[in-house]
Amino acid sequence: PNVKLVTSDNEEFVVDFRIAKMSVTVSRLMEAMNMSETDDASLLSNSIPLPNVTKAVMARVIEWCEKHKNDEPKEEKENDKRGRTTHVVSDWDKEFLKNDEFGRLCQLMGAANYLEIKGLFNDISQTIANMIHGKKSDEIAEMFNIHCDLTEAEKKEIRKKTAWCED
């Protein structure tokens, strides 16, 4: 069975029921609309509005979901004393995400968060963390398009006070 999803720019995507169910948000909406896998009429006569996702981003989300629709949920393992976890991004996912510019990754991450697709969200989060790793604060600020309104003297004073935390 198929499900109709409608993006913020009124584009309609018809996707397999299993792909739609990968999103916790879509699953909840289908439940609220009394849509079930066994009722083709309700699936095709109703569409799920997704006002926070554009056509371009939804196409990428669906592409990722198509690849992962048969995956078992990944177990995150604690790997240090603080209880932090490490998420390993597969080779396919690295390739899938590597050509997206930073802004597009952020849009995709927002969609994964809104749609509650944990695997995609974790893949993008780790990809962005890897992009940031080892960069200086001004490089990170540039990536995120953050403009600093401090004077050079103020910046120098802050660097002096926080020199202990630099590598």
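Values quoted throughout were computed directly from the atomic coordinates according to the rules given, and no laboratory measurement underlies them. Keep in mind the model is a prediction, meaning the values are calculated, not measured. In this analysis, Cβ positions are derived from the backbone assuming ideal geometry, glycine residues included, and neighbour counts consider all displayed protein chains.
Mean residue ellipticity at 222 nm from the helices of the chain, using -39,500 (n - 2.57) per DSSP H segment of n ≥ 4 over the full residue count, to the nearest 500 deg cm²/dmol?
Values: 9 runs with 88 residues, N = 167.
Calculated at 222 nm, the ellipticity per residue is -15500 deg cm²/dmol.
Using DSSP to define loop residues, name the GluC sites (Glu not before Pro) in the stretch 99-167 whose beta-carbon has at most 10 other beta-carbon atoms within 10 Å.
On the way: sites: GLU101, GLU116, GLU139, GLU142, GLU152, GLU154, GLU157, GLU166; in loops: GLU101, GLU116, GLU166.
When the GluC sites (Glu not before Pro) of the stretch 99-167 are filtered for loop state and at most 10 Cβ neighbours within 10 Å, GLU101, GLU166 remain.
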* How high is the relative contact order of the chain, in percent, counting Cα pairs under 8 Å that sit 6 or more residues apart? -> 20 percent
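Just for the chain, what percent of DSSP beta bridges are antiparallel, to the closest 5?
Antiparallel bridges make up about 65 percent of those DSSP assigns within the chain.
How large is the charge dipole for the chain, taken about the Cα centre, if only the Cβ atoms of Lys, Arg (+1) and Asp, Glu (-1) carry charge, to the nearest 20 debye? Mind dumping the intermediate values first?
Values: 24 positive and 32 negative charges, 105 e Å.
Approximately 500 debye in magnitude.
Can you tell me the relative contact order of the stretch 1-68? Whole percent, Cα pairs under 8 Å, sequence separation 6 or more. Please list the in-between numbers first.
Working: 83 pairs, mean separation 29.6, N = 68.
Dividing the mean separation by the residue count of the stretch 1-68 yields 44 percent.
Volume per residue, Å³, of the convex hull around the alpha-carbon atoms of the chain?
Once divided by residue count, the hull of the chain is 156 Å³.
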